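Down below is the structure, laid out as structure tokens.
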Amino acid sequence: MSLATSETSATGRQIPDRLKSAMQRFLGSWELLLLVVAVAVFTINSFASPYFLDPWNLSDATFNFTEKAMIAFAMALLIISGEIDLSVASIIAIASTAMGFAVQMGADTPVLVLIGLGVGLACGAFNGVLVTRLGLPSIVVTIGTMSLFRGLSYIVLGDKAYTGYPPGFAFFGQGYVWWVISFEFVLFAFLAIVFAVLLHRTTFGRAVYSIGNNPVGALFSGIRVPRVKFALFLLTGLMSGVAAICLTSRLGATRPSIAFGWELEVVTMVVLGGVSILGGAGSIPGVVIAAFIMGMVTFGFGLLNVPGIVMSIFIGLLLIAVIALPRIARQVMARRKA
Amino acid sequence: MSGSILKSREAILGGAIIVLVIAIAARFPAFVEPSNLANVFNDTAPLIILALGQMAVILTRCIDLSVAANLALTGMAVAMLNTMLPGLPVPVILAIALTLGAVMGLVNGLLVWKLDIPPIVVTLGTMTIYRGIIFLISGGEWINAHEMSDAFKAFPREVVFGLPVLSWIAILVVACFALLISRTPLGRAFFAVGGNPHAAVYTGINVGLTQCAAYVISGALAGLTGYLWVARYAVAYVDIAGGFELEVVAACVIGGISIAGGIGSVGGALLGALFLGIVKNALPVINISPFWQLAISGSAIIIAVAFNVTSSRPKGRVILKKAEHAT
Amino acid sequence: MAMLANTQGIDDVHPKPGERNVDETALPVMTLTGISKSFPGVKALSGVSLQLHPGEVTALVGENGAGKSTIVKILTGIYQPDEGEIAIAGHSVNFPTAQDAGAAGVTAIHQETVLFDDLSVAENIFIGHAPRTKFGLIDRKEMVAKARALLERIGAQIDPHVTLRELGIANKHLVAIARALSIDAKIVIMDEPTASLSHKEIEETYALVERLKAEGKAILFISHKFDEIFRIADRYTVFRDGEMVGAGLISEISERDLVTMMVGRSVDQVFPKRTPQLGKEVLKVVGYSHPTEFEDIGFSLREGEILGFYGLVGAGRSEFMQALFGVTRPSKGAIRIDDRIAVIRDPNEAIRQGIVYVPEDRGKQGAVKGLPIFQNVSLPSLGETSRNGFLRLAEEFRLARDYTRRLDLRAAALDQDIGELSGGNQQKVVIAKWLATKPRVIILDEPTKGIDIGSKAAVHEFMAELAAEGLAVIMVSSEIPEILGMSDRVIVMREGRIAAEFEGADLTPEHLVRAAAGITETDI
């Protein structure tokens, strides 16, 4: 049985592979717009404060976003697939608490890392089972587990804190690989590449996009939708565990309020990076640039002595504006045409 | 069938609450003394009011995560107003609080309606913006009891017919909501928009406008609660009611309001809020650290949503004749 | 038997049941003139006219995509026309919203019941215009009483208090009709009202139409069933490609002429001539059952065979096919592919075993809109086009090029979003996607539903080609000409069971219709 190959049938017309060249596609892309914004922010910052361009200051600034960005990579995949995980910050809290508890039991650094990753995975698996096995909406499930995971931290810690992490553990959040390049930044860069490849160059990434665009159509095309979604929750849990290790190491202490409110910043980062909150579209390079923008804005405001909470107004406005502006532009355009 | 499920799940929740109260009472009879129950109710009043507003929003397939920030901003605004104009009578303050809250709700509603931005994104954004504005207007300062006028502080605590005004306001809001939901076209439109937006258009209902109206109601109630909260606790600062929006959503979910829209009841939202309120107030009584509360409400959300979904999962089409009779 | 006459081009003009008093000079109650409506890239209607007369049924006839649903949406205030005039009783009107259309006395009963499952029957009937008390609140008592009266008027035995979800499809339909009547309408639009009803329910709908006529309502009746049109309509208007191509009295036109007008060419559908060359058995299904959807389905299928599945809408054909494809799981039964017993737990396994499924609901289940054409084609074949889990775009493009060319796809580029294509071209991409997996059995569920006549012929041609190459084909169709024209053998399903199987000389329209409707000889 020889089903059609190009030799056997010449009936159909030739359809070009692509309408636009790679350059044309790049020129119309969200990522380019973000890049322009990033350059603008960088330029403004360097004029606004003489301290901005100092290498050590810039290096410090990266800590503003590296941990959040690690979660944002996994969250981007999850949101592209049409789900969301609002429990990520709480996973950090419970993973950090578990590590702190292990320290009290005398665990050393490798064990701590395993515990951080393991708790992250377990929490991701818990979310994943609730969403994919029981078919519950992820937004509600993860609002629930957000309270549950952090609540467990509160039960264990109350108003106390765990400290006394072993000296070797400090490397993850405070160590430098070379000159001003921190371990966290290297990890961030490495994970950015891993996730970019995973999403844009593998069959798994393709499955993620197809599920986000049409979950039923993907299922009917042989994509194992529940399995992929479960893997994404696992991955998000795992990355939250990684972030928990870095953050705990950086702070040197665990309080149950650790990373409070991070879930919103992570989601903002992802949406700012051009990922559609409705699923189906987005890219890792976009998220990476968005992470830099958010980090630099925070840092710049910090240098200008603007308090963090005012910063959050800016982030909130940015979140709404990046989604609203294209829509307003489209509406104006449609009206002009009519 | 879904009607009976809804009723039965309210009955289940009501039953669970009664069992909970009896269990507590068995060891700590003081808990069920009328005065204590009235205290618990009064304590839960803000949650009840906000849960009802949230219910309207969730019914229309939206969500309002900005309620707590709205509450805090309105509370700070009226507290500052009070320090500047201590003579301003309470009814004026109430009107200002309602209006300010409604305007913030309107901002959410317009962004959802006119720009078609996903509700979760809109309210995540406005939540941080409203919180930030509190800092801008207050400069991060606290407004303490001694700076507020006595009339301002006394209003929610005034006891009328054995209950504080705060409780009466919650009861009034529940009554108004019961009427709004079951007996007004807007109330029914909430269900229609959430149940089947496509069909709503065909019946002449403006989906966006209805959603916007829900946000305005939710915002106005948040504003009202903002004044009551600040006056009751006699303090206003940037972080009041931080994270309260999740408790509000939790009350709705526990009360059986479907996050997918179109399903829910006033009784459900009320019971959901009461459940959380009773748990919160009972913990210290039964000697459990209040730190347990967060985990308990988290578990309650998960159990409630699992229960919702499994009881309302759509069944396939019934084609076989014998199966038709069997169901 | 009007029902049976709808099969293949029948020349005679139908005898009219009862007397028809069509007053040719009667003034229309509603007149549409020069209505145009465009959407980005598509001109849905260009300068169409339509007249509706009181006490008469006007049938609106046209193929899918002819502009019928657009005109319904304009009449009910969902869309606004770009140009043209709507006049009611001589006065020009416009409907900015659905409520305005209702206020002007226009009401519609839609194809898919657009109602609210979680509201009560009475609320469904009166949502948007419920009776009020003097305080402006909804008067529940009055609403229920009025709903009860309306339901009685149409002979429906439904409690106005129950939630709509509890009703079956036919009763939901009656609620929709009651809703339409609750607005004191002069003009009633019925958009394929009988599409998903049983024989008995259809008769009841006809009776209702007669009653509405007697009440002096002007009825616009949209239908694809010609027997129905000739039975209940007084006038016809034909749309083709967004234009009005004819209108007149039903008594003055034959079915054949009407169909010719509708499709713009001779109606005798030409199906590819083929001499089936049956190979060995590929698929055997035994006792496939599901708790609520189907029971005891068994058959065998051979290489090169086209097996038709006929039945009324809702007979359980699609449900069975989806179970065969692993979307749902059967409660009992087994299948054998070639000589192996196969267990299929999800579509992924079905595809790997060589069974693929072209679904009826193309938009939801077939095309993954948002992904480009080439990615749609390669989606089930990613294992082939990738290496160690890494994509190879060149391979994907090659695959997409090969198979889309064979299906004569029309598209600007292979990286175009599939959602931008016409229905027929989307269907071609879906079929290309499956051929790329080199299947043994291909199931086509209503493969030509809602696609233009040109693509339709192409799909038929292609099915014949596939069978000739030795593929086993299952085709689910509700169109008798298609079933008869394409199938070697036909299984008729009714109420979730196999009602009959026909081949050769037994394969006649009468047999199929009777078996599908459950009519035995004595009933006739």
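Taking C:Lys433 as the residue in question, decide whether it is over 25 Å from the mean Cα position of the chain (by Cα) and at pLDDT 90 or above. Step through it out loud before you land on a result.
On the way: over 25 Å from the mean Cα position of the chain (by Cα): no; at pLDDT 90 or above: yes.
Considered against the rule, which asks whether it is over 25 Å from the mean Cα position of the chain (by Cα) and at pLDDT 90 or above, C:Lys433 comes out as no.
Can you go through C:Leu75, C:Leu45 and tell me which one is touching a helix residue (DSSP H, G or I) at 6+ places or on another chain (Cβ under 9 Å) and under 19 Å from C:Ala233 (Cβ atoms)? Talk me through it step by step, then tell me what you get.
Details: C:Leu45 fails: under 19 Å from C:Ala233 (Cβ atoms).
Selected residue: C:Leu75, the only one of C:Leu75, C:Leu45 that is touching a helix residue (DSSP H, G or I) at 6+ places or on another chain (Cβ under 9 Å) and under 19 Å from C:Ala233 (Cβ atoms).
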Completion exercise
Restricting the stretch B:231-262 to residues that are more than 20 Å from B:Ile120 (Cα to Cα) and among the charged types (D, E, K, R), the one surrounded by the most Cβ atoms within 10 Å (Cβ to Cβ) turns out to be B:Arg232
Completion exercise
Checked against (1) part of a strand (DSSP E or B); (2) away from chain A (no Cβ under 14 Å); (3) of a type outside the set (Lys, Arg); (4) more than 29 Å from the chain's Cα centre (by Cα), C:Val282 satisfies every condition except (2)
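Just to check your reading of the model, which residue among C:Gly77, C:Gly102, C:Gly90 is over 30 Å from C:Ala315 (Cα atoms) and touching a His at 6+ places or on another chain (Cβ under 9 Å)?
On the way: C:Gly77 fails: touching a His at 6+ places or on another chain (Cβ under 9 Å); C:Gly90 fails: touching a His at 6+ places or on another chain (Cβ under 9 Å).
Only one candidate qualifies: C:Gly102.
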Problem - All positions within the stretch C:383-402 that are assigned to a helix (DSSP H, G or I) and not hydroxyl-bearing (Ser, Thr, Tyr) - result: C:Gly383, C:Glu384, C:Leu393, C:Ala394, C:Glu395, C:Glu396, C:Phe397, C:Arg398, C:Leu399, C:Ala400, C:Arg401, C:Asp402
Handout entry: Of all residues in the stretch C:98-116 being at pLDDT 85 or above and part of a loop (DSSP other than H, G, I, E, B), the one that is nearest to C:Val175 (Cα to Cα)
Key = C:Phe116
Handout entry: Positions within the stretch B:178-196 being assigned to a helix (DSSP H, G or I) and among the polar types (S, T, N, Q), in sequence order
Key = B:Ser182
Completion exercise
Sole miss for C:Ser300 among (1) within 11 Å of chain B (Cβ to nearest Cβ); (2) free of Cβ contacts under 8 Å to residues at least 40 places away in the same chain; (3) out of contact with any helix residue (DSSP H, G or I) (no Cβ under 7 Å at 6 or more places or on another chain) is condition (1)
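So which of A:Val177, A:Val156, A:Val141 ends up being more than 19 Å from A:Thr97 (Cα to Cα), part of a helix (DSSP H, G or I) and of a type in the set (A, V, I, L, M)?
Numbers: A:Val177 fails: part of a helix (DSSP H, G or I); A:Val156 fails: more than 19 Å from A:Thr97 (Cα to Cα).
So the residue among A:Val177, A:Val156, A:Val141 that is more than 19 Å from A:Thr97 (Cα to Cα), part of a helix (DSSP H, G or I) and of a type in the set (A, V, I, L, M) is A:Val141.
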Problem - Boolean, C:Ala334 is part of a helix (DSSP H, G or I), among the aliphatic types (A, V, I, L, M), touching a strand residue (DSSP E or B) at 6+ places or on another chain (Cβ under 8 Å) and not assigned by TED's automatic domain parsing to the domain that holds C:Lys428 - result: no
Exercise for the section: Those residues that are at pLDDT below 85, assigned to a helix (DSSP H, G or I), more than 8 Å from chain A (Cβ to nearest Cβ) and surrounded by fewer than 22 Cβ atoms within 10 Å (Cβ to Cβ), I need them from the stretch B:285-327; list them, please. Expected result: B:Val285, B:Phe307, B:Ser311, B:Ser312, B:Lys321, B:Lys322, B:Ala323, B:Glu324, B:His325, B:Ala326
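Say we look at the stretch C:337-361 and pick out the residues that are assigned to a helix (DSSP H, G or I) and within 9 Å of chain A (Cβ to nearest Cβ); which of these is surrounded by the most Cβ atoms within 10 Å (Cβ to Cβ)? Before you say what the answer is, go through the steps one by one.
So the first thing to find is which residues in the stretch C:337-361 are assigned to a helix (DSSP H, G or I), and the list is C:347-353.
Now drop any that are not within 9 Å of chain A (Cβ to nearest Cβ), which leaves C:347-352.
Working: C:Pro347: 24, C:Asn348: 18, C:Glu349: 16, C:Ala350: 26, C:Ile351: 23, C:Arg352: 14.
Selected residue: C:Ala350.
Only helices (runs of 4 or more DSSP H) wholly contained in the stretch B:67-177 count here; list those with 2 or more residues that are within 14 Å of chain A (Cβ to nearest Cβ) and under 18 Å from B:Gly223 (Cβ atoms).
Working: elements: B:67-84, B:90-114, B:119-138, B:150-154.
In the stretch B:67-177, B:67-84, B:90-114, B:119-138 are the helices (runs of 4 or more DSSP H) which contain 2 or more residues that are within 14 Å of chain A (Cβ to nearest Cβ) and under 18 Å from B:Gly223 (Cβ atoms).
Which is at pLDDT below 90, within 18 Å of B:Ala241 (Cβ to Cβ) and crowded, with 17+ Cβ neighbours inside 10 Å, of B:Thr128, B:Thr203? Reasoning before the result, please.
Numbers: B:Thr203 fails: within 18 Å of B:Ala241 (Cβ to Cβ).
The unique qualifying residue is B:Thr128.
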Handout entry: Among (1) touching a helix residue (DSSP H, G or I) at 6+ places or on another chain (Cβ under 8 Å); (2) surrounded by 22 or more Cβ atoms within 10 Å (Cβ to Cβ); (3) within 28 Å of B:Ser258 (Cβ to Cβ) - the single one A:Val216 does not satisfy
Key = (2)
Problem - Of residues in the stretch C:28-84 being among the polar types (S, T, N, Q) and crowded, with 22+ Cβ neighbours inside 10 Å, the one modelled with the highest pLDDT - result: C:Thr58
Problem - Options A:Gly120, A:Gly175: the member that is within 21 Å of A:Phe63 (Cβ to Cβ), buried (at least 24 other Cβ atoms within 10 Å of the Cβ) and away from chain B (no Cβ under 14 Å) - result: A:Gly120
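Only residues that are crowded, with 19+ Cβ neighbours inside 10 Å, out of contact with any helix residue (DSSP H, G or I) (no Cβ under 7 Å at 6 or more places or on another chain) and in contact (Cβ under 8 Å) with a residue 12 or more places away in the chain: list them for the stretch C:403-420, please.
Of all residues in the stretch C:403-420, those crowded, with 19+ Cβ neighbours inside 10 Å come to C:403-407, C:409, C:411, C:414-415, C:418.
Those still in the list that are out of contact with any helix residue (DSSP H, G or I) (no Cβ under 7 Å at 6 or more places or on another chain) too: C:405-406.
Matches in the stretch C:403-420: C:Arg406 only.
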Exercise for the section: Show the residue pairs that are 6+ apart or on different chains and have beta-carbon atoms under 6 Å apart, the first residue being within the stretch A:189-214 and among the charged types (D, E, K, R), the second being in a loop (DSSP other than H, G, I, E, B) and surrounded by 16 or more Cβ atoms within 10 Å (Cβ to Cβ). Expected result: A:Arg201/C:Leu391
Practice task
Could you check C:Glu255 against (1) free of Cβ contacts under 8 Å to residues at least 60 places away in the same chain; (2) more than 25 Å from C:Leu75 (Cβ to Cβ) and say which number it fails?
Solution key: (1)
Handout entry: Subset tally (residues that are closer than 19 Å to C:Val286 by Cβ, under 22 Å from the mean Cα position of the chain (by Cα), of a type outside the set (Val, Ile, Thr) and not in a loop (DSSP other than H, G, I, E, B)) for the stretch C:485-506
Key = 2
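Residues are listed down the side, and each one gets a yes or a no for (1) not assigned by TED's automatic domain parsing to the domain that holds C:Ser478; (2) not in a helix (DSSP H, G or I):
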position: C:Phe374; (1), (2): yes, no
position: C:Ser381; (1), (2): yes, no
position: C:Thr404; (1), (2): yes, no
position: C:Asp408; (1), (2): yes, yes
position: C:Gly424; (1), (2): yes, no
position: C:Val429; (1), (2): yes, no
position: C:Pro447; (1), (2): no, yes
Problem - Criterion: in the same structural domain as C:Ile154 (by TED's automatic domain parsing) and either assigned to a strand (DSSP E or B) or not polar (S, T, N, Q) (or both) - qualifying residue of C:Val259, C:Val238, C:Val175, C:Val245 - result: C:Val175
Exercise for the section: Looking at (1) within 11 Å of chain B (Cβ to nearest Cβ); (2) outside any loop (DSSP other than H, G, I, E, B); (3) closer than 30 Å to C:Gly518 by Cβ, find the lone condition where C:Ile125 falls short. Expected result: (3)
Exercise for the section: Go through (1) in a loop (DSSP other than H, G, I, E, B); (2) more than 8 Å from chain A (Cβ to nearest Cβ); (3) not acidic (Asp, Glu) and name the single condition C:Trp434 misses. Expected result: (1)
Practice task
Mind checking which helices (runs of 4 or more DSSP H) fall wholly inside the stretch A:262-338 and carry at least 3 residues that are at pLDDT below 85, within 14 Å of chain B (Cβ to nearest Cβ) and in contact with an Asp or Glu (Cβ under 9 Å, 6 or more places away or on another chain)?
Solution key: A:308-337
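The values are calculated or read from the model by the stated rules, or taken from the named source; none is laboratory data. The structure displayed is predicted, hence computed values, not measured ones. Virtual Cβ from ideal backbone geometry, glycine too; neighbours counted across all protein chains shown.
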